[in-house]
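Written below as structure tokens is the structure these notes are about.
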Amino acid sequence: MNKIITYFVNGEGYESTEHKLTVTSILSNAGLTSPENYRLIRDNGNKPLTDYEEVVSLHDNIRFTALF
């Protein structure tokens, strides 16, 4: 059984049983259509994730900001 991970995009919580997601998947799961029009930033460290195919390791309560 996979553990459910809760992560946040722009303050809204989302759940995943996957421990790794691409930047595109995170943006799409957050309901952002045309994810390529957004920049995803990991809040802890203010790290921009610019490669949409980059695989991001998730952990509970990790927070991101998506900017248009």
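Each reported figure results from applying straightforward, stated rules to the coordinates on display, with no laboratory input. Treat the numbers as computed from the prediction; the structure is a model and nothing was measured. We place every Cβ from the backbone using ideal geometry, glycine too, and count neighbours over all the protein chains shown.
Modelled spin labels at ASN37 and THR50, positioned 7 Å past Cα toward Cβ, are 2.2 nm from each other. With the dipole of the chain worked out from charges on the C-beta (+1 for Lys and Arg, -1 for Asp and Glu) around the Cα centre, which of GLY45, VAL9, SER34 lies farthest toward the positive end? So the residue furthest toward the plus end is GLY45. Shown in residue order for region 11-26 are the 3J(HN,Hα) couplings computed by the Karplus curve 6.51 cos²θ - 1.76 cosθ + 1.60 at θ = phi - 60°: x, 9, x, 9, 10, 8, 8, 7, 8, 9, 9, 6, 4, 4, 5, 4 Hz (x for Gly and Pro). Amide H contacts under 5 Å for LEU49: LEU40, ILE41, ARG42, restricted to partners 5 or more places along the chain or on a different chain, H placed in the peptide plane at 1.01 Å from N. Between amide H atoms placed 1.01 Å from N, distances below 5 Å from LEU58 occur with LYS20, LEU21, all of them 5 or more places distant or on a separate chain.
Taking other residues whose beta carbon is less than 14 angstrom from the beta carbon of VAL55, and scoring Lys, Arg as +1 and Asp, Glu as -1, yields -2.
Net charge in the neighbourhood of VAL23 (other residues with Cβ under 15 Å of its Cβ; Lys, Arg +1, Asp, Glu -1) is -1. Mean residue ellipticity, 222 nm, helices only, the chain: the sum of -39500 (n - 2.57) across DSSP H runs of n ≥ 4, divided by residue count and rounded to 500, is -2500 deg cm²/dmol.
Nothing charged except the Cβ atoms of Lys and Arg (+1) and of Asp and Glu (-1): what's the magnitude of the dipole of the chain about its Cα centre? Round to the nearest 20 debye. Could you put the intermediate results ahead of the total?
Details: 6 positive and 9 negative charges, 33 e Å.
So the magnitude is around 160 debye.
For the chain, averaging the sequence separation of C-alpha pairs within contact (under 8 Å, six or more residues apart) and dividing by the residue count gives a relative contact order of 42 percent.
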